[in-house]
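**Q** Here it is, the structure in full.
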Amino acid sequence: MNEAIKNLIELQSLEFEETISASSEKRVEALRAIIPGPILNRYDHWGDQGKKGVAALRQQVCTGCHLTVPVSTRVELLADRGIPVCNNCGRFLYLQSDVPEHAPKKKVSTKTNTRQLAHAA
């Protein structure tokens, strides 16, 4: 993950805290000073609406708008080339490393569901 997106994520977490301490305010100012202007303007566009400007990409879905993004966007994130944005909502995207993108899904037996429905009736 490149430095600019790390700074954006930290900025967003500080700005969306319920209470902001004096040290948090200083850190917010420091982050805003090092984030490039065009990136900060796009980020602030979302903040002006009370929304987050940075969203995680999970299982090919933007967690900001909940729509599928192209595979090329995920490839950009994996290659760490720039700061990709969601083609649908325009939020900055990052891969959330602590959540596996291909987590195994629990298989539900139709036989079990039929029995549960029969007992419910």
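**Q** I want to confirm something. Restricting to region 79-91 and keeping residues that are part of a loop (DSSP other than H, G, I, E, B) and within 13 Å of the chain's Cα centre (by Cα), which single residue is farthest from residue 4 (Cα to Cα)?
**A** Ranking the candidates gives 89 first.
**Q** Turning to a different aspect of this structure: Check region 70-82 and report whether any residue there is of a type in the set (Val, Ile, Thr), buried (at least 17 other Cβ atoms within 10 Å of the Cβ) and modelled with pLDDT under 90.
**A** Taking every residue of region 70-82 in turn, at least one turns out to be of a type in the set (Val, Ile, Thr), buried (at least 17 other Cβ atoms within 10 Å of the Cβ) and modelled with pLDDT under 90.
**Q** Out of all the residues in region 58-78, which are touching a residue at least 40 places away in the same chain (Cβ under 8 Å) and either hydrophobic (A, V, I, L, M, F, W, C) or in a strand (DSSP E or B) (or both)?
**A** Passing the criteria: only 58.
**Q** I've got another one for you. Can you tell me which of (1) modelled with pLDDT under 90; (2) in contact with a Gly (Cβ under 8 Å, 6 or more places away or on another chain) is the one residue 86 doesn't meet?
**A** (1)
**Q** Another question, if that's okay. Being assigned to a helix (DSSP H, G or I), in contact with a strand residue (DSSP E or B) (Cβ under 7 Å, 6 or more places away or on another chain) and of a type in the set (A, V, I, L, M, F, W, C) is true for just one of 8, 40, 31. Which residue is that? If you could, list the steps in order and put the result at the bottom.
**A** Details: 40 fails: in contact with a strand residue (DSSP E or B) (Cβ under 7 Å, 6 or more places away or on another chain); 31 fails: in contact with a strand residue (DSSP E or B) (Cβ under 7 Å, 6 or more places away or on another chain).
Sole residue among the options that is assigned to a helix (DSSP H, G or I), in contact with a strand residue (DSSP E or B) (Cβ under 7 Å, 6 or more places away or on another chain) and of a type in the set (A, V, I, L, M, F, W, C): 8.
**Q** Being polar (S, T, N, Q) and under 17 Å from residue 4 (Cβ atoms) is the requirement here; does residue 63 meet it?
**A** So residue 63 fails the test.
**Q** Going by the conditions given, is residue 61 closer than 16 Å to residue 96 by Cα, surrounded by 13 or more Cβ atoms within 10 Å (Cβ to Cβ) and at pLDDT 90 or above? Let's see the steps before the verdict.
**A** Values: closer than 16 Å to residue 96 by Cα: yes; surrounded by 13 or more Cβ atoms within 10 Å (Cβ to Cβ): yes; at pLDDT 90 or above: yes.
Criteria met by residue 61.
The values are calculated or read from the model by the stated rules, or taken from the named source; none is laboratory data. Since this is a predicted model, take the numbers as computed values, not measurements. Reconstructed Cβ throughout: ideal geometry from the backbone, glycine too, with neighbour counts over all protein chains shown.
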